[in-house]
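Scroll down for the structure; my scribbles are underneath it.
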Amino acid sequence: MSYIPHYLSRNPEVRARLEEEVDRVAGDRPLCAEDLERLPYAEAVFNELLRLQPAAPLLVPRRAVRDTSLGGYFIPRGTLVEVVTHVMHRRVEHWRDGEEFRPERWLEGQACPRGVYMPFGLEPRGCRGIPLGMAVLVSGLAALVRKWRLEPESDELPADGLEVGILSSPIRTRVVPRRAGQAA
């Protein structure tokens, strides 16, 4: 969620579409669980955020249980394999305009091959809490957008720290009410 202010402020058309969807679904009332299925764009925004800034930029290493080939590389049995999602989620072979923040790609039926998008790992060892986690994150994003705009003080995204996905400094952000008369 730390990166949301940056991506929404740099993509005003995305922010406007997200705000319109949340306003249409919830209006002036608080969001409820039934609203989640009517927030496909909010889910697309979060999927795109996780693609560019994965929660787990480096998955838990696994040892190859048999000789295999992957992506044209031979991997002997016993080799320790690490997957860097930060790299996988941007590969031009799988993602058109892979460096761009384009939530629409998740609504346009541009499905990616299995193993290319894995912000929480893959089955059988992937996170079993993905549906619950996504529900919490998407509803949190929608609730935030319903009332506030988060405007970063700078257009520059802070550099990653020693690990990809870990910020070296905070994203300083102003909290601005979306509607006149709303207290900040």
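Only the coordinates and a few stated rules stand behind these numbers; no lab work does. Keep in mind that this is a model prediction, so the values were computed, not measured. Reconstructed Cβ throughout: ideal geometry from the backbone, glycine too, with neighbour counts over all protein chains shown.
Considering the alpha-carbon set of the stretch 65-112 alone, what are its Rg and its Dmax in angstrom?
14.6, 40
Please sort by residue number the GluC sites (Glu not before Pro) in the stretch 1-96 whose DSSP state is loop and whose Cβ has at most 11 other Cβ atoms within 10 Å. Don't jump to the answer; show the numbers that get you there.
Values: sites: 13, 19, 20, 21, 34, 37, 43, 48, 82, 93; in loops: 82, 93.
Listed in order of number, the matching sites are 82, 93.
Just flag the trypsin sites (Lys or Arg not before Pro) in the stretch 1-98 sitting in loop per DSSP whose Cβ has no more than 12 other Cβ atoms within 10 Å.
Numbers: sites: 10, 15, 17, 24, 38, 51, 62, 63, 66, 77, 90, 91, 96; in loops: 66, 77, 90, 91, 96.
Qualifying residues, ordered by number: 66, 77, 91, 96.
Rounded to the nearest 500 deg cm²/dmol, what is the calculated helix-only ellipticity per residue at 222 nm for the chain, with -39500 (n - 2.57) per DSSP H run of length n ≥ 4? The partial results should precede the final answer.
On the way: 5 runs with 57 residues, N = 184.
The per-residue figure over the chain is -9500 deg cm²/dmol.
Starting at 0 and stepping by 10 Å, how many percent of the alpha carbon pairs of the stretch 4-177 end up in each bin?
The distribution over the stretch 4-177 is 9, 32, 35, 17, 6, 1, given as percents.
Top mean-square fluctuation among 122, 80, 50, Gaussian network model of the chain, C-alpha springs under 10 Å?
80
Please check: in the Gaussian network model of the chain (C-alpha springs, under 10 Å), which one of 64, 44, 135 has the largest mean-square fluctuation.
Checking each option, the largest mean-square fluctuation is seen for 64.
Nearest 10 degrees, 0 to 90: what angle lies between the long axis of helix 12-26 and the longest principal axis of the chain (Cα atoms)?
70 degrees
Using 1/(1 + (r/R0)^6) with R0 = 30 angstrom and r between the beta carbons of residue 94 and residue 132, what's the FRET efficiency to the nearest 0.05?
On the way: r = 27 Å, r/R0 = 0.89.
Step by step, r from the Cβ atoms, then E = 0.65.
What does the charge dipole of the chain about its Cα centre add up to, to the nearest 20 debye, if the Cβ of each Lys and Arg holds +1 and the Cβ of each Asp and Glu holds -1?
Details: 26 positive and 26 negative charges, 95 e Å.
In debye, rounded to 20, the chain gives about 460.
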